[in-house]
Amino acid sequence: MKNKFLKQMTVSAALSLLATGAAVAAPTEAAVPKGGSLGLALYWAHWSIYQTPEAKVECPNGMNVGSREELLMQFPDKNKVYTYEETALNREAATWNPDIIKYNLPFKEAQGKIAIGMNLDGKVGPNDFTSPEGEKGVDNNLFRVIGCVDGWRGPVGVLDQFGLTRMYRNSTYNRILLEITGIDSMSNDDSVEVTSYRGLDPLITDATGNNYVPGGSQRLDMRFGQKLISHRKGKIVDGVLITEPADFILPEYAVNTQLIHDARFRLKLTADGAEGMIAGYSDIKDWHSAFIKGWSTIRSGQGLGSQPSHARALERLADAYPDPQTGKNTAISSAIDARFVQVFIKHPEGNVAEATPTTQRAEQR
């Protein structure tokens with residue numbers, strides 16, 4: 001009886017509030033940065049791989065083997081003395097010249113109908129994927145190349161950690177910044193401008209060194225970082241930044257760069273930064289330079305990767321930007337999971353994007 005009475009009281013109280021015009025306050029929209037400008041710094045990146053428990057869906061035939069294992073497959077006779085030319089130089093030649101040197105060891109491509117990415121060409125083809133959220137026509141052939149290579153898989157893949165995440169955290173060479181300008185609303189804005197730069201300063205962490213905190217300043221590299229500056233138009237829909245396609249150059253591994261044709265950003269904006277995806281067509285020559293030719297055999301072997309096999313898979317699965325002379329595709333559809341922390345971008349003339357109220361409170365704490 002007592003519970004019934006309390007329930008009736010609760011209902012009556014709610015009706016009374018509605019009758020008098022009172023209402024529960026709706027969630028407030030995130031504050032627009034002063035000057036309508038928001039700075040973001042990339043601190044975590046991962047080539048997008050759809051992963052299921054034990055990789056049973058995407059790798060039903062198991063995982064690929066690394067360089068050491070392939071060497072034993074190529075030269076199985078332990079009683080035979082092989083020459084240096086037959087072994088090491090042969091593999092080096094196969095790595096650097098995939099179009100010339102024959103190399104026919106088996107390679108397991110990622111399978112299935114689901115992949116992380118975007119519909120880059122606006123079409124839904126028979127070989128396209130569906131995203132985990134249900135988007136049709138997803139293009140991500142790079143997933144087929146690296147999806148069944150242990151070192152590229154998260155959360156602690158050796159190749160991924162050295163090739164992307166570690167460098168974006170520790171190296172200013174890889175300090176990618178985004179500046180969003182013309183913001184009128186952090187929830188819905190039909191026109192904003194997005195420019196990428198390279199920054200010159202370290203990121204700020206908490207006492208553990210593992211968590212990145214908002215509020216640090218970033219000077220722009222307007223000299224050696226000129227080629228990394230790119231511009232695109234965008235919009236904000238339900239708090240998500242969506243940009244139009246434009247070429248984007250991503251620094252990689254402290255010495256290389258990765259050209260991504262028609263790159264577009266889809267990032268959920270938060271009080272402290274943003275996270276989401278960068279998708280486009282990665283230039284396969286840049287992939288060769290950064291992760292195949294540029295890495296030692298021992299580094300690839302640690303992540304069970306094989307440069308000759310990777311090289312051929314990239315050539316085979318490239319699906320965009322055909323060479324006008326040969327007709328061969330020179331780029332491969334791809335996607336990158338990305339996380340950004342909010343920063344103040346300092347332009348050469350001294351202008352700095354001002355803090356939002358949320359960031360100011362974080363600094364005071």
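The values are calculated or read from the model by the stated rules, or taken from the named source; none is laboratory data. Predicted, not measured: the structure shown is a model, and the values here were computed from it. Positions of Cβ are generated from backbone atoms using ideal geometry, with glycine treated the same way; all protein chains shown enter the neighbour counts.
Among the residues of region 101-110, are any acidic (Asp, Glu) and within 15 Å of Ala311 (Cβ to Cβ)? Please lay out each step first, then the result.
To start, the set of residues in region 101-110 that are acidic (Asp, Glu) comprises 109.
With within 15 Å of Ala311 (Cβ to Cβ) added as a condition, the list becomes 109.
Looking for residues that are acidic (Asp, Glu) and within 15 Å of Ala311 (Cβ to Cβ), one finds at least one in region 101-110, hence yes.
Criterion first (in contact with an Asp or Glu (Cβ under 8 Å, 6 or more places away or on another chain), in a helix (DSSP H, G or I) and of a type in the set (A, V, I, L, M)) does Met167 satisfy it? Even if it seems obvious, please write down each step before you answer.
Values: in contact with an Asp or Glu (Cβ under 8 Å, 6 or more places away or on another chain): yes; in a helix (DSSP H, G or I): yes; of a type in the set (A, V, I, L, M): yes.
Spelling it out, Met167 is indeed in contact with an Asp or Glu (Cβ under 8 Å, 6 or more places away or on another chain), in a helix (DSSP H, G or I) and of a type in the set (A, V, I, L, M).
Restricting to region 250-279, name every residue that is of a type in the set (A, V, I, L, M, F, W, C), under 14 Å from Ser334 (Cα atoms) and out of contact with any helix residue (DSSP H, G or I) (no Cβ under 7 Å at 6 or more places or on another chain).
So in region 250-279, the residues of a type in the set (A, V, I, L, M, F, W, C) come out as 250, 254-255, 259-260, 263, 265, 267, 269, 271, 274, 277-279.
Okay, now just the ones that are also under 14 Å from Ser334 (Cα atoms), so 250, 259-260, 263, 265, 277-279.
If the condition is that a residue be of a type in the set (A, V, I, L, M, F, W, C), under 14 Å from Ser334 (Cα atoms) and out of contact with any helix residue (DSSP H, G or I) (no Cβ under 7 Å at 6 or more places or on another chain), then Leu250, Ile260, Ala263, Phe265, Met277, Ile278, Ala279 are the ones that fit.
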- Item | When residues of region 89-134 are limited to those that are of a type in the set (Val, Ile, Thr) and surrounded by 20 or more Cβ atoms within 10 Å (Cβ to Cβ), the one nearest to Asp319 (Cα to Cα) | Ile116
- Please give the strands (runs of 3 or more DSSP E) falling wholly within region 215-274 in which 3 or more residues are basic (Lys, Arg) and modelled with pLDDT of 90 or more. 230-237, 256-269
- So which helices (runs of 4 or more DSSP H) stay within region 67-151 end to end and still have 3 or more residues that are closer than 23 Å to Arg266 by Cα? 141-146
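Restricting attention to region 293-311, does a residue exist that is modelled with pLDDT of 80 or more and of a type in the set (A, V, I, L, M)? Break it down into steps so the answer makes sense when it comes.
Narrowing region 293-311 to residues modelled with pLDDT of 80 or more: 308-311.
Keeping just the survivors that are of a type in the set (A, V, I, L, M) gives 311.
Within region 293-311, one or more residues are modelled with pLDDT of 80 or more and of a type in the set (A, V, I, L, M).
Does Ser171 count as touching a residue at least 24 places away in the same chain (Cβ under 8 Å), out of contact with any Ser or Thr (no Cβ under 8 Å at 6 or more places or on another chain) and farther than 21 Å from Ile260 by Cα?
On the way: touching a residue at least 24 places away in the same chain (Cβ under 8 Å): yes; out of contact with any Ser or Thr (no Cβ under 8 Å at 6 or more places or on another chain): yes; farther than 21 Å from Ile260 by Cα: no.
Spelling it out, it is not the case that Ser171 is touching a residue at least 24 places away in the same chain (Cβ under 8 Å), out of contact with any Ser or Thr (no Cβ under 8 Å at 6 or more places or on another chain) and farther than 21 Å from Ile260 by Cα.
Can Ile260 be described as more than 15 Å from Arg175 (Cβ to Cβ) and crowded, with 21+ Cβ neighbours inside 10 Å? Give the steps one after another, and end with the answer.
On the way: more than 15 Å from Arg175 (Cβ to Cβ): yes; crowded, with 21+ Cβ neighbours inside 10 Å: yes.
Judged against the criteria, Ile260 is a match.
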- Message: It is to be established whether one or more residues within region 56-67 are buried (at least 18 other Cβ atoms within 10 Å of the Cβ), over 21 Å from Ala318 (Cβ atoms) and small (Gly, Ala, Ser).
- Response: yes
